[in-house]
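The values are calculated or read from the model by the stated rules, or taken from the named source; none is laboratory data. Just so it is clear, the structure is predicted and the values come from calculations on it, not from any experiment. Reconstructed Cβ throughout: ideal geometry from the backbone, glycine too, with neighbour counts over all protein chains shown. SASA here: full protein model, heavy atoms, side chains in, ligands and nucleic acids out. Shrake-Rupley method; radii C 1.70, N 1.55, O 1.52, S 1.80 Å.
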Amino acid sequence: MAVIKGRIRGGGRQLAAYLLSQDDNLEVRMLDLDGQSRFSERDFRNLLSDFSLNERLTKSSKGIYHAIYNPTEALASRLKDEQWLQAADIIGEELGFSRQRRAVVLQQNKAGRRHIHIAFERYDHERGRMIPIPHNYRKHDRARQKLEQLFDEQPTQRVNMRRVDMRKELTGLWAQTDTGAAFITAAKQQGYVIAKGHEKGQFVFVDSTGQSFKLSSHLKGVRVREINERFKGRKFISEKEAVAFVRNGLTATQRLEPTSRQAFLEGLSQARANKQNLKPRM
């Protein structure tokens, strides 16, 4: 299943450093810098820094929209540079950023998975304001459907069809439990994996399709500080690990709190190996 995610943020230079980092990647390559034919890493860092500088022209502290397009492994392996840029065009169009400056970076992680990061400038120079992005999940979903059609991929069930049900279910589980452990167990029994989000101080849950969602957005009437208080002192796997866990065939009702991080990684590696062995041989 292809995944498109995104959020507003600031810190252009920090984002540039993160996107160009080789630490967790086998490959990092800049594909586009505002349509320029030639550019350097310095140009890339300066452009994202400019995105953040424009925050001073408004009351906003988040002048960037950071989007990620993570297609299926089979599709990612055959996409050419121009097709990755087509994907960035479609995502930008759905989000309302077609006329905005942008930067696109292709990464291949150590698991061999290829994906792109797109940094859009939010500041509209003609109107003198930040471009609002309401209902970004729906826009991601529309972009994904267009890309599946463009690249002749099997259509995916729409991500947001169960969001109302998930919110009702998780809110009910929160009200029925009084400790972090009890809520995590109850959520696990319903097929959800609770994990630590990539945003500082945020928690997410991963559903049975391997899609992650911000937990605080699905707990009606519950404040972030209440969630942090209930989960205080507990250890969680990361959002990235939880998504990989579910997508590699391990159900949310299986044990997700191994005795060590190494045990978790070994279990994940075994699941991937089992999944690979199930593929038909040519």
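Does anything in the range 171-193 have its amide N under 17 Å from the 7 Å Cα→Cβ label point of S238, and if so which residues?
Under cut-off, by backbone N: nothing.
On a 29 Å Cα-Cα criterion, which of the cross-link pairs K139/K240; K139/K235; K110/K214; K62/K188; K59/K146; K80/K110 come out too long?
K139/K235; K62/K188; K59/K146
Would you compute the Debye intensity of the range 2-139 from its alpha-carbon atoms alone, equal scatterers and no solvent, and pass along log10 I(q)/I(0) at q = 0.09, 0.10, 0.14, 0.22 Å⁻¹ to two decimals?
At q = 0.09, 0.10, 0.14, 0.22 Å⁻¹ the computed log10 ratios are -0.25, -0.31, -0.61, -1.47.
Starting at the first residue of the range 54-60, write each ³J(HN,Hα) from the Karplus equation 6.51 cos²θ - 1.76 cosθ + 1.60 with θ = phi - 60°, in whole Hz, x for Gly and Pro.
Taking θ as phi minus 60°, the curve returns 5, 4, 5, 7, 9, 8, 7 Hz for the range 54-60.
List every residue whose amide H lies under 5 Å from the amide H of D32, counting only residues 5 or more places away in sequence or on a different chain, with H placed 1.01 Å from N in the peptide plane.
V104
Calculate what fraction, in whole %, of the accessible area of the range 2-42 sits on carbon and sulfur atoms when a 1.4 Å probe is rolled over the protein chains.
Ligands and nucleic acids excluded, carbon and sulfur reach 44 percent.
With label points built 7 Å along Cα→Cβ from the Cα atoms of K220 and T171, find their separation and express it in nm.
In this crude spin-label approximation the distance works out to 0.3 nm.
Let me test this: with uniform point scatterers at the alpha carbons of the range 82-197, what is the Debye-based log₁₀ I(q)/I(0) at q = 0.13, 0.21, 0.22 1/Å?
-0.76, -1.14, -1.18
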